[in-house]
Amino acid sequence: MKTSLILCLICFSVSFTQENTEKVSFKKDVMPVLVKKCLSCHNTEDESPSGLYLENYQQLMSGESKHGPVVIPKKGEESILIKKLRGTADFGRQMPRGRKPLDDETINMISRWIDQGAKNN
């Protein structure tokens, strides 16, 4: 019994560590989410009311608000992008506005990408 419990804990620990250290790619993982869930409003053609454009990496990383930078590399949970996606920002509405919020798994993936340095990979 004790051996089974230890084995379960080891397996859980390994799977949890793998999930949190798995490299996230901007091009393969993050950008497709932005295209599908954010670009209908945050694009230069329709002039986003917030002035935040998410059509490419440069726009995302240069995004500023009066509350600070949208993405703070290595600080996912402190980044405005994650706060807006989670609905925890102390201003404005949860994003995407007027649509179903992103699931926790997707938001966690974007947060991990930011924690990993928010690289253009």
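A short reminder: the numbers here are calculations on the coordinates, not readings from a lab. What you see is a predicted model; the values in this text were computed from it and never measured. Neighbour counts are summed over all protein chains in view; Cβ atoms, including those assigned to glycine, are modelled from backbone coordinates with ideal geometry.
Descriptive notes on the structure:
- Expected-Rg normalisation [2.2 N^0.38 Å, Cα atoms] applied to segment 77-121: 1.15
- Segment 24-115, dipole about Cα centre (Lys/Arg Cβ +1, Asp/Glu Cβ -1), debye to the nearest 20: 160 debye
- Compared with the direct C-alpha span, the chain from Thr88 to His67 gains 6.2 nm at full extension, assuming 0.36 nm per residue.
- Of the chymotrypsin sites (Phe, Trp or Tyr not before Pro) in segment 15-121, those whose Cβ has at most 12 other Cβ within 10 Å and which sit in DSSP loop: Phe91
- Phi-based couplings in Hz for segment 48-58 (Karplus 6.51, -1.76, 1.60; Gly and Pro marked x): 3, x, 7, x, 9, 10, 10, 7, 7, 4, 4
- Theoretical FRET efficiency, 1/(1+(r/R0)^6), r = Cβ-Cβ of Ser25 and Asp103, R0 25 Å, to 0.05: 0.85
- Between Ser65 and Val70, the built amide H atoms are under 5 Å apart, and every one of these is 5 or more places off in sequence or on another chain.
- Volume per residue that the Cα convex hull of segment 24-115 spans, once the total is divided by residue count, Å³: 90 Å³
- Net +/- balance of residues flanking Gly63 in space, Cβ distance below 14 Å, scoring K and R +1, D and E -1: +1
- Between Gln58 and Glu45, the simple label model (points 7 Å from Cα in the Cβ direction) yields a spacing of 2.0 nm.
- 16 Å Cα-Cα reach of Lys84 towards aspartates and glutamates, excluding residues that sit fewer than 8 places from it in its own chain: Glu64, Asp103, Asp104, Glu105
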